[in-house]
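See below for the structure under consideration.
The values are calculated or read from the model by the stated rules, or taken from the named source; none is laboratory data. Everything numeric in this text was worked out from a predicted model, so none of it was measured. Here the Cβ positions follow ideal geometry from the backbone for every residue, glycine too, while neighbour counts run over all protein chains shown.
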Amino acid sequence: MKDQNDTTPAEKDGKYEFQLHYSGREVPCTVVKEQDKVTVCIEDKTNAVLTVQPDGSWAQTSGDDLADSAIDYIRKRILG
């Protein structure tokens, strides 16, 4: 995790767009990763904020509820 005063981009920071299988269909997903904050927008309807934990896992901290499998898929798409 980066220091709060450190504005240097963290690994894999940036904007990502891809298709996500969600609610039984393929929908557009936009993800913006900045430091340890990950903002997710699915189909311009579902919005959530995730936080990168010190152990590398991602946890949802606010917004619409996302399934654990969706969070895991997004994490793998971003981190590879």
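Filter region 35-57 for residues that are modelled with pLDDT under 95 and either in contact with a Phe, Trp or Tyr (Cβ under 6 Å, 6 or more places away or on another chain) or more than 18 Å from residue 23 (Cα to Cα) (or both) and give the result. Answer for region 35-57, where residues must be modelled with pLDDT under 95 and either in contact with a Phe, Trp or Tyr (Cβ under 6 Å, 6 or more places away or on another chain) or more than 18 Å from residue 23 (Cα to Cα) (or both): 35, 36, 52, 53, 54, 55, 56, 57. Looking across region 33-67, the residues that are assigned to a strand (DSSP E or B), crowded, with 16+ Cβ neighbours inside 10 Å and of a type in the set (A, V, I, L, M) come down to 38, 40, 42, 48, 50, 52.
Checking each residue in region 12-51 for being in contact (Cβ under 8 Å) with a residue 60 or more places away in the chain and at negative phi picks out only 16. Scanning region 1-19 for residues that are surrounded by 13 or more Cβ atoms within 10 Å (Cβ to Cβ), out of contact with any helix residue (DSSP H, G or I) (no Cβ under 8 Å at 6 or more places or on another chain) and at pLDDT 55 or above gives 10, 13.
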